[in-house]
Amino acid sequence: MRQKLAELTWLDGISGNEQNVRNFIIQNLPDKSLKYYVDNIGNLIVKGRSNGNCNLRVMVAAHMDEVGFMVNYITDDGKLKFSPVGGVDSRILIGQHVRVGKDKIPGVIGYKSIHLQDKSERESVVKIKSLYIDIAAKDRENAQELVSTGDYVAFASEPVFFGDGKIKAKALDDRAGCAVIMELLKETWPFELYACFTVQEEIGLRGALVAANRVKPDIGIVLEGTTCADVPKVKEHETSTVMGKGPSISFADRTSLADRELFNHFINTAEKEGIRYQIKNTVSGGNDAGRIQTSGTGVRTLVVSVPCRYIHSPVSVLDLNDLDNMLKLVSRSLHTLPEALGR
């Protein structure tokens, strides 16, 4: 799973442009006999193996897309102006390496040199509209030979295993969830399981709603990468999760409320099996559960996340032991779910 995670983060999959990630997952399905479907918006839905008669339909979801940018204008001197796709902090962008378009043209995000900035510019946060991408083009015509307006722009960073069981990479939110679901598809389930690799989560949870309306699940389990605030100057009560303390179980966020029976079942499973876990301490952020929960006639949902430092940046950090424990927690909780629900 760890190697698959690294390979997934190599791929560029900005919201609306997830096909490379989707194709990789299809090519690496653990059983070529598994039936899958790609819907009109680009979600990949895979039906897991089942050997039970339980009339329960479970949707396990993770999103394939990542934050990035889109070229919206080419200047006379060949620089690329761009817009964000998803939530990105402009303070981290200056000097970042990027890849532009299908040909992955190398570029760097630039801004006026500090030597040329006045006092107000040095003391304020630069706006994205003031930045540009330099692809070393001599003029607009030269740039247009390489890229076009509408081209996607991804961070150009590579996955690296480092420290004591850590990985640093882009797009850990949510290739981590995708990697776990790929492992879950190796198992046989006592109910109908649908693995949904969704699109366009970062720009409004769009794919999840479409997938949920197709699958019509009774239960929705969302696997995510979430904020990890165990960094200096963050107050204890504002620390959402702590790296190394296991996957987090959310009781609520800005888009969904956890089903209490599911919430308690996953906690009881972790306690019984000795799986390290934590409760997410803040009610912040949103994810695919918000759309799954309110799809159809309503779905009982729960979010399980792996803590990631510096998400929505060129390089986030994840503890691989947390990822392993996320797989254990979800797998063992789902296998005992019918009994826990009296089904």
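Looking at this structure, is residue 140 among the basic types (Lys, Arg) and within 17 Å of the chain's Cα centre (by Cα)?
Values: among the basic types (Lys, Arg): yes; within 17 Å of the chain's Cα centre (by Cα): no.
Judged against the criteria, residue 140 is not a match.
Here's a check for you: in the range 214-245, which residue that is among the hydrophobic types (A, V, I, L, M, F, W, C) and more than 19 Å from residue 63 (Cα to Cα) is modelled with the highest pLDDT? Talk me through it step by step, then tell me what you get.
Here is the first cut: in the range 214-245, the ones among the hydrophobic types (A, V, I, L, M, F, W, C) are 215, 219, 221-223, 228-229, 231, 234, 242-243.
Of the ones still in play, those that are also more than 19 Å from residue 63 (Cα to Cα) are 229, 231, 234, 242-243.
Details: 229: 72, 231: 65, 234: 62, 242: 91, 243: 94.
Step by step, filter the range 214-245, then rank; the result is 243.
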* Name the residue, out of 46, 60, 71, that is within 19 Å of residue 156 (Cα to Cα) and under 23 Å from the mean Cα position of the chain (by Cα). => 71
* Cβ-Cβ under 8 Å pairs, at least 6 apart or on other chains, the range 331-343 side within 17 Å of residue 185 (Cβ to Cβ), far side in a helix (DSSP H, G or I) and β-branched (Val, Ile, Thr) -> 332/269; 333/269
* From 55, 72, 40, 23, residue being in a strand (DSSP E or B) and surrounded by fewer than 16 Cβ atoms within 10 Å (Cβ to Cβ) -> 72
* To do: Could you look through the range 101-120, keep only residues that are modelled with pLDDT of 95 or more and of a type in the set (A, V, I, L, M, F, W, C), and pick out the one that is surrounded by the fewest Cβ atoms within 10 Å (Cβ to Cβ)?
  => 108
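Only one of these is at pLDDT 95 or above, β-branched (Val, Ile, Thr) and more than 19 Å from residue 168 (Cα to Cα): 58, 98. Name it. Walk me through how you get there before you give the answer.
Numbers: 98 fails: more than 19 Å from residue 168 (Cα to Cα).
Among 58, 98, only 58 is at pLDDT 95 or above, β-branched (Val, Ile, Thr) and more than 19 Å from residue 168 (Cα to Cα).
Looking at 205, 146, 185 in this structure, which one is in contact with a helix residue (DSSP H, G or I) (Cβ under 8 Å, 6 or more places away or on another chain), of a type in the set (A, V, I, L, M) and in contact (Cβ under 8 Å) with a residue 40 or more places away in the chain?
On the way: 146 fails: in contact with a helix residue (DSSP H, G or I) (Cβ under 8 Å, 6 or more places away or on another chain); 185 fails: in contact with a helix residue (DSSP H, G or I) (Cβ under 8 Å, 6 or more places away or on another chain).
Exactly one residue qualifies, and that residue is 205.
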* For residue 188, indicate whether it is at pLDDT below 95, in contact with a Lys or Arg (Cβ under 7 Å, 6 or more places away or on another chain) and either in the same structural domain as residue 12 (by TED's automatic domain parsing) or closer than 17 Å to residue 333 by Cβ (or both). => no
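If you scan the range 296-307, which residues turn out to be in a loop (DSSP other than H, G, I, E, B) and surrounded by 22 or more Cβ atoms within 10 Å (Cβ to Cβ)?
Kept after step one, since they are in a loop (DSSP other than H, G, I, E, B), are these residues of the range 296-307: 296-299.
Listed by number, the list holds a single entry, 299.
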* Criterion violated by residue 283 - all others in (1) in a loop (DSSP other than H, G, I, E, B); (2) in contact with an Asp or Glu (Cβ under 9 Å, 6 or more places away or on another chain); (3) modelled with pLDDT of 95 or more satisfied -> (3)
* Test each condition in (1) in a loop (DSSP other than H, G, I, E, B); (2) at pLDDT 95 or above for residue 125 and report the one that comes out false. => (2)
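Out of the residues in the range 280-295 meeting the condition of being aliphatic (A, V, I, L, M) and out of contact with any Pro (no Cβ under 9 Å at 6 or more places or on another chain), tell me which one is surrounded by the fewest Cβ atoms within 10 Å (Cβ to Cβ). I'd like the intermediate steps shown before the answer.
Quick first cut of the range 280-295, residues aliphatic (A, V, I, L, M) only: 283, 289, 292.
Retained after the next criterion (residues that are out of contact with any Pro (no Cβ under 9 Å at 6 or more places or on another chain)): 283, 289.
Numbers: 283: 12, 289: 28.
Step by step, filter the range 280-295, then rank; the result is 283.
Each row is one residue, and each column tells you yes or no for (1) of a type outside the set (D, E, K, R); (2) touching a Leu at 6+ places or on another chain (Cβ under 9 Å); (3) more than 30 Å from residue 85 (Cβ to Cβ).
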position: 249; (1), (2), (3): yes, yes, no
position: 252; (1), (2), (3): yes, no, no
position: 257; (1), (2), (3): yes, no, no
position: 280; (1), (2), (3): no, no, no
position: 316; (1), (2), (3): yes, yes, no
position: 333; (1), (2), (3): yes, yes, yes
position: 338; (1), (2), (3): yes, yes, yes
* Asked: Does the range 59-69 include one or more residues that are surrounded by fewer than 19 Cβ atoms within 10 Å (Cβ to Cβ) and touching a strand residue (DSSP E or B) at 6+ places or on another chain (Cβ under 9 Å)?
  -> no
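Just for helices (runs of 4 or more DSSP H) wholly inside the range 139-247: which have at least 3 residues that are buried (at least 22 other Cβ atoms within 10 Å of the Cβ)?
Working: elements: 140-144, 172-184, 206-215.
Correct list: 172-184, 206-215.
The values are calculated or read from the model by the stated rules, or taken from the named source; none is laboratory data. From a predicted model like this one, the values you see are computed outputs, not experimental measurements. Neighbour counts run over all protein chains shown; Cβ positions are idealised from the backbone, glycine included.
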